[in-house]
Amino acid sequence: MTTLTAPEVLTRCRALVRPALREAVGRLHPWVGEMAAYSFGWCEVGGTPADASGGKGVRQALAVLGAESAGAPAQAGVPAAVAVELVHVFSLLHDDVMDADATRRGRPTVWKAYGTGPAVLTGDALFALAVETLADSGAGAVRLLSTALRDLVRGQADDLLFATRPWRGPEQVGTQEYRVMAEGKTGALLGCAAALGALLGGAPPADVAALDRAGRHLGVAFQIVDDVLGIWGDPLVTGKPVHGDLRERKKTFPVLAALAAPTPAAARLTRLLASDADPEEVAALVEKCGGRAAALVEARRHMASAESVEALRPLLDHLLRRDL
């Protein structure tokens, strides 16, 4: 049997899920549906059809792979894929509002294109639609999604609170706190995608739980790689402004790891972060303190934990190496 590459797996799963995803979005109020379609890259402002990037569809693929790991046909994972993708985009819409991000994947964010209120409303609609999508799949499926949502909100809350804490001292953010935050903010939904697909595919509880754990490790690795790209990635590839996270002084893993280094350079980094220093200078010092290298080591460690579940292996190396 021919083994598909990670991009081929993602393409296959997106093609399988997209009709059901479009059908779900089509049930929304027309105006809200337009904003949702814009967020997926299906149209421009005003509704003109477009084919912009709506993301790689990682969560969709995890749900389909989870169903297939249970011996079920790929189609069994489609409701799970639709539900988690709707929740993912809901979280991005609200995240962009909270972070005041003006662009995503090279386009104006929904709140920037349509307004803050409409963007929040669209996110709420997608959340409700996700729950509706699983309504016929049983209480266990809704419970899995609800647990992931609770953890996602907890992770997002921690991420917002990190911004209020100092770079040094008893209240500084540690790398372990970051891991907990990333597991909730990013890992919970990745774990839910794989576990939910397996549940709908008829997998036993132990297998469902193992996929959830592996997906959460994958999420931590995914978030750390995002942090690295946010500092050193090519904006033409990432769709985000260069050094955007440093300009906002976000407490990302490379920065936190660099601050933990017992070197004079780390003390200088603290002073730079507390000033209006040029982000390029800050990025160079983060790398000098070992922040970039430590982040990649940590990402690989969590990826190795995810590799223990065979169903996720087709995507792992691709997700860790993306655009680095």
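The values are calculated or read from the model by the stated rules, or taken from the named source; none is laboratory data. A quick note: this is a predicted structure, and the numbers were derived from the prediction, not measured. Glycine also receives a Cβ, built like all others from the backbone with ideal geometry; neighbour counts cover every protein chain displayed.
Specify which of the listed residues (GLY201, GLY215) is more than 25 Å from ALA293 (Cα to Cα) and touching a residue at least 60 places away in the same chain (Cβ under 8 Å).
On the way: GLY215 fails: more than 25 Å from ALA293 (Cα to Cα).
Result: GLY201 is the single residue among GLY201, GLY215 that is more than 25 Å from ALA293 (Cα to Cα) and touching a residue at least 60 places away in the same chain (Cβ under 8 Å).
Would you be able to say whether some residue in the range 303-322 is touching a strand residue (DSSP E or B) at 6+ places or on another chain (Cβ under 8 Å) and small (Gly, Ala, Ser)? Working first, answer last.
Residues of the range 303-322 touching a strand residue (DSSP E or B) at 6+ places or on another chain (Cβ under 8 Å): none.
Scanning the range 303-322, I find no residue that is touching a strand residue (DSSP E or B) at 6+ places or on another chain (Cβ under 8 Å) and small (Gly, Ala, Ser), so the answer is no.
Sort through GLU298, GLU280 and tell me the only one that's out of contact with any Pro (no Cβ under 9 Å at 6 or more places or on another chain), modelled with pLDDT of 95 or more, among the charged types (D, E, K, R) and part of a helix (DSSP H, G or I). Explain how you work it out, then say what you get.
On the way: GLU280 fails: modelled with pLDDT of 95 or more.
Only one candidate qualifies: GLU298.
Just give me the residues in the range 92-132 being hydroxyl-bearing (Ser, Thr, Tyr) and either on the phi > 0 side of the Ramachandran plot or modelled with pLDDT of 95 or more (or both), in sequence order.
Answer for the range 92-132, where residues must be hydroxyl-bearing (Ser, Thr, Tyr) and either on the phi > 0 side of the Ramachandran plot or modelled with pLDDT of 95 or more (or both): THR109, TYR114, THR116, THR122.
Identify, from the list PRO235, PRO241, PRO205, the residue that is surrounded by fewer than 20 Cβ atoms within 10 Å (Cβ to Cβ), out of contact with any His (no Cβ under 8 Å at 6 or more places or on another chain) and closer than 22 Å to GLU307 by Cα. Walk me through it before giving the result.
On the way: PRO235 fails: closer than 22 Å to GLU307 by Cα; PRO241 fails: closer than 22 Å to GLU307 by Cα.
Result of the check over PRO235, PRO241, PRO205: PRO205.
ALA221: buried (at least 22 other Cβ atoms within 10 Å of the Cβ), of a type outside the set (Lys, Arg) and under 16 Å from MET303 (Cβ atoms), yes or no? Please lay out each step first, then the result.
Numbers: buried (at least 22 other Cβ atoms within 10 Å of the Cβ): yes; of a type outside the set (Lys, Arg): yes; under 16 Å from MET303 (Cβ atoms): yes.
Here the answer is yes, as ALA221 does meet what is asked.
So which of THR133, THR122 is of a type in the set (S, T, N, Q), over 16 Å from SER39 (Cα atoms) and surrounded by 18 or more Cβ atoms within 10 Å (Cβ to Cβ)?
Numbers: THR122 fails: over 16 Å from SER39 (Cα atoms).
The match here is THR133.
Can you confirm whether ALA261 is surrounded by 16 or more Cβ atoms within 10 Å (Cβ to Cβ) and either touching a residue at least 60 places away in the same chain (Cβ under 8 Å) or within 14 Å of ALA283 (Cα to Cα) (or both)?
Spelling it out, it is not the case that ALA261 is surrounded by 16 or more Cβ atoms within 10 Å (Cβ to Cβ) and either touching a residue at least 60 places away in the same chain (Cβ under 8 Å) or within 14 Å of ALA283 (Cα to Cα) (or both).
When you go through VAL58, VAL64 one by one, which is the residue that is modelled with pLDDT under 95, within 18 Å of the chain's Cα centre (by Cα) and surrounded by 15 or more Cβ atoms within 10 Å (Cβ to Cβ)?
Details: VAL64 fails: modelled with pLDDT under 95.
Just one listed residue meets the conditions, VAL58.
Only one of ALA274, ALA284, ALA293 is more than 15 Å from VAL220 (Cα to Cα) and touching a residue at least 24 places away in the same chain (Cβ under 8 Å); which? Break it down into steps so the answer makes sense when it comes.
Working: ALA284 fails: touching a residue at least 24 places away in the same chain (Cβ under 8 Å); ALA293 fails: touching a residue at least 24 places away in the same chain (Cβ under 8 Å).
Step by step, each of ALA274, ALA284, ALA293 is checked, and only ALA274 is more than 15 Å from VAL220 (Cα to Cα) and touching a residue at least 24 places away in the same chain (Cβ under 8 Å).
Kindly evaluate VAL82 against the criterion of being on the phi < 0 side of the Ramachandran plot and crowded, with 22+ Cβ neighbours inside 10 Å. Full working, then the answer.
Numbers: on the phi < 0 side of the Ramachandran plot: yes; crowded, with 22+ Cβ neighbours inside 10 Å: yes.
Considered against the rule, which asks whether it is on the phi < 0 side of the Ramachandran plot and crowded, with 22+ Cβ neighbours inside 10 Å, VAL82 comes out as yes.
Could you run through the range 143-194 and say how many residues are basic (Lys, Arg), part of a loop (DSSP other than H, G, I, E, B) and buried (at least 16 other Cβ atoms within 10 Å of the Cβ)?
Final tally of qualifying residues: 0.
Could you give every pair whose Cβ atoms fall below 7 Å, whose first residue belongs to the range 29-43 and is of a type in the set (Val, Ile, Thr), and whose second residue is surrounded by 16 or more Cβ atoms within 10 Å (Cβ to Cβ), counting only separations of at least 6 or pairs across chains?
If the second residue must be surrounded by 16 or more Cβ atoms within 10 Å (Cβ to Cβ), the pairs left are VAL32/LEU121; VAL32/THR122; VAL32/ALA125.
Looking only at the range 15-45, count every residue that is part of a loop (DSSP other than H, G, I, E, B) and under 19 Å from ARG105 (Cβ atoms) and tell me the total. Walk me through it before giving the result.
Residues of the range 15-45 part of a loop (DSSP other than H, G, I, E, B): 26-29, 41-42, 44-45.
From what's left, under 19 Å from ARG105 (Cβ atoms): 41-42, 44-45.
Residues that pass the stated criteria total 4.
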